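> Dropping a structure here in structure tokens format, bear with me for questions.
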Amino acid sequence: MALAMTSSSPQPPPPSHRGRRRPQPAAPTPNANPKPRPRAKALPLLSDVGVGRDPAAIKYYARVASNLAGAGRLRDFLLAAEGLRAAAGDDPSFAARISARLLSRGVAAAVRDRGLPHVLEFLRDAERVRVPAAEMLDADASDAVAAACRMLLEERRMAEYVEVVEALARYGFYVQGIVKPMDVLKIFVKKRDPDMAIRYARIFPNSQLLLCNTMEAFGKRKELKNALTVFGALKGQLGGINMFACRSIIDICGHCGSSVQARIIFEGLLADKITPNTYVFNSLMNVNAHSLSYNLSVYKHMQNLGVAPDLTSYNILLKTCCNAREFNMAHEIYEEMKKKERDGLLKLDVFTYSTMMKVFADAKMWKMASNIKEDMQGGGVRLNLVTWSSLINAYANSGLVDRAIEILEEMIRDGCQPTAPCFNIILTACLKSCQYDRAFRLFYSWKKSGIKISLSPEQKRCLDGAFTFCKEYPSNDGTILVVPFRPTVTTYNILMKACGTNAERAKSVMNEMRRSGLCPDLISWSILMDIYGTSQNRDGAVQALRRMQRVGIKLNVSAYTVAIKACVANKDLKLALHLFDEMKTHQLKPNLVTYKTLLTARSNYGSLQEVQQCLAIYQEMRKAGYQANDYYLKELIVEWCEGVLSSGSANRDFYNLDLQPKRKESFNLFLEKVVTVLQKDVDQNQIVDVRGLSKVEARIVVLSVLRKIKEQYLLGRAVLDDVVIITGQEKTSRAEVETSAVDVEHAIVTVLTDDLGLEVLIGPGSLPPVSAKLNAPTKSRSNLEQVSKNFTRRPQGVIKITFNSLNHWLKKKAVRIVQ
């Protein structure tokens, strides 16, 4: 709207008086009565004055508006600017005549006095009246706005900061100069806020690069979910996804250990009709280097799409073959690479040769490894530390310690200074070949005088400056080069293993390690505990564990497992279980070795508590996803439950029909039944459900119940209720063994009546009791036939042992124990 100017506002002279002298008013008469001053009249609207037709007027009013802005009256400036714009007919010359210096001074004052919200409101209204105020600010005003923004950042008012920067960028302010965008994005990464990071990155013109960097920052922190969120934002941006982002997110998946997610991303690209480039294929194969079949399929897909593999592609395939121990396939790929090199399509690098050297070293093919060295020298590629180490390892794995030492000396003559791992490889070879004394001799020889190499004058000239911390001595034939040997903690750990079962010698090696300025690590203490365990010194192993805690070493599962193993070796299962519980209180998850060590600690069970402990460990192991030896556990349970019979384990042939490892699929149900009956209190109703079990498994479950009742009775807890056994009436078929409910009933009644002399009821309870002579059980064929006659062809489904019969049986057992 047009602005009406009053007489109180600065006014230019009327247009008709321009160029002429203004008449002066007459002096007032002293005694004259003063006339009342007339009220100021509003001047006509600027649109009525017609300043649009007068450039001088536009200049004048632009100066007025600039003065208003310089005085900090930003709202009045906007009113003046809006009126002049309307009066001038949207003439852009008005905005160009506004003083940027005065406007910047007013904005800077507004930032200090009223804060950023007032300035943002002014910039919004200035944009509406077509005044590019943000672009007109000078360095001082821009610095004031930027300082206010940085204050928000220092106070960690992140949401407000992002809103301010968004608004400034919308009004044309140079927001890149406030703070480096990546510094702010790192704050959002630390706060695990990908949504706000995406919002902030999109403010800037180089948003794709910023989002890629943000995605990689999340990946370094192994926050795959947040990295995938940023990747999704990249895909949704205008212009589509770029291959660099695809390669980055696949590498992040590999860093986070999620090769499956990398495959999903790759399949998504193919579904969107996007052909990945060589770098994306290489990243995908590198992430899946543990899966040879998948990488071969990716390589074939790569060829089908017409994407040419490069040297990195072949190197990753070699690495995959090495991980899969497919030595022949690795050799085939290597020969194909050599052919491409002869054709000028590839140039093999040191990584290729080092990988092949490792392949043959792991396969103990030292001759093939030696051929790789010749290929390198023939191709003009110099062996590096990794290649030499792999070649030494090839001979060491084959037990050729002397040849490995010769390669070490050749390595030095070639100008490559060996490190401690090179010496450790030779010491490990002595350990594997049971040359323990030689390992100690080599160690002390190297430690005292290093390794001495004779050099000719020509070799000396070639090696000048190649080694550091080496000494040279003249000799008759040339020069003696002495390469020092600096042992590491790993070196001393190898020597501790070479001590065998001599714990005192291992302790002396550990003390020598301390005197050398090295601190024993977790592996060192674990080796010492293992030596104590194998030497039947349980107390020494436990003391070593406690010493580790005192010196501040954080214990892991391996350390506890070694201590538990030492306790088991000394037949102290109670202490082993105590350490097992202590490990879990420290939030450490047992591994397969821990569980197996505890489960195989017993050859038999002596009490109900021991059985319950074992079953609890076994169930925990299966829930953790580990497979146990079901056959071994079942044998131990049989051994324990058969203890209720006077004949002990005289019925082993009966179990041989069913205790087969191939029936593992039935063990879960059997174990569930055993656990259920053993955890139930004696005072509760003893209902035993054996439906779905074979006759052998049903017998074990029933005997387990009776064994539990017997032990509780000896502790003073009488039986107050009957035992009800549910056998069911359906036919069960499982794992090549078909057992009817009749057979299950027959097997249970036989062991109860003939072997134990108990009185049982079959069916709903209306049938007469089936009993055996109470004086002594019998196992004659006639008695079995008599019991069998009580069964109908259709199973009754229920067997009941009366509590009177149980108490009578238990009293007899107690009398025998007393006698």
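> Place the peptides 245-252, 488-495 in order of packing, highest mean first, counting for every residue the other Cβ atoms within 10 Å and averaging per peptide. Display every interim value, and only then the final one.
Working: 245-252: 23.9, 488-495: 20.4.
Answer by packing, highest mean first, reads 245-252, 488-495.
> Same structure again: Which order, highest average first, do 573-580, 146-153 follow once you tally other Cβ atoms within 10 Å for each residue and take the mean per peptide?
Numbers: 573-580: 18.1, 146-153: 16.1.
For the peptides 573-580, 146-153, the packing ranking is 573-580, 146-153.
> Rank these residues by their accessible area, most exposed first, probe 1.4 Å: GLU610, GLU472.
Accessible-area ranking of GLU610, GLU472, largest first: GLU472, GLU610.
> I'd like the carbon and sulfur percentage of the solvent accessible area for the stretch 87-221, probe radius 1.4 Å, heavy atoms only, ligands and nucleic acids excluded.
Values: 3170 of 6680 Å².
The C+S portion of the solvent-accessible surface of the stretch 87-221 is 48 percent.
> Roughly how many Å² is the accessible area per residue of the stretch 302-421, as a whole number, for a 1.4 Å probe?
The answer is 45 Å² per residue.
> Separate question: What order, most packed first, do the peptides 300-312, 746-758, 402-414 have when packing is the mean number of other Cβ atoms within 10 Å of each residue?
The most tightly packed comes first, giving 746-758, 402-414, 300-312.
> Based on the alpha-carbon gyration tensor of the stretch 471-573 and its eigenvalue square roots a ≥ b ≥ c, which shape applies: rounded if a/c is under 1.5, prolate if not and a/b is larger than b/c, or oblate?
prolate
> Here is a follow-up. Taking a probe of 1.4 Å, how large is the accessible area per residue of the stretch 128-204, in Å²?
Numbers: 3890 Å² over 77 residues.
In whole numbers, the stretch 128-204 has 50 Å² accessible per residue.
> For the stretch 156-198, which trypsin sites (Lys or Arg not before Pro) are both in a DSSP coil and crowded by at most 11 other Cβ atoms within 10 Å?
ARG156
> Hey, another quick one. Which number comes out as Rg/Rh for the stretch 101-167 once both Rg and the Kirkwood Rh are worked out on C-alpha atoms?
Values: Rg = 11.6 Å, Rh = 12.1 Å.
My calculation of the ratio gives 0.96.
> Would you pull out the residues with amide H under 5 Å of ASP722's amide H, same chain only if 5 or more places away, H placed 1.01 Å from N?
The list, which skips near neighbours in sequence, is PHE803.
The values are calculated or read from the model by the stated rules, or taken from the named source; none is laboratory data. The shown structure was predicted, so the numbers you read here are calculated from the model rather than taken from an experiment. So basically every Cβ, Gly included, is an ideal-geometry build from the backbone, and we count neighbours across all protein chains shown. Surface accessibility is based on the protein's heavy atoms, side chains included, excluding ligands, DNA and RNA. Shrake-Rupley method; radii C 1.70, N 1.55, O 1.52, S 1.80 Å.
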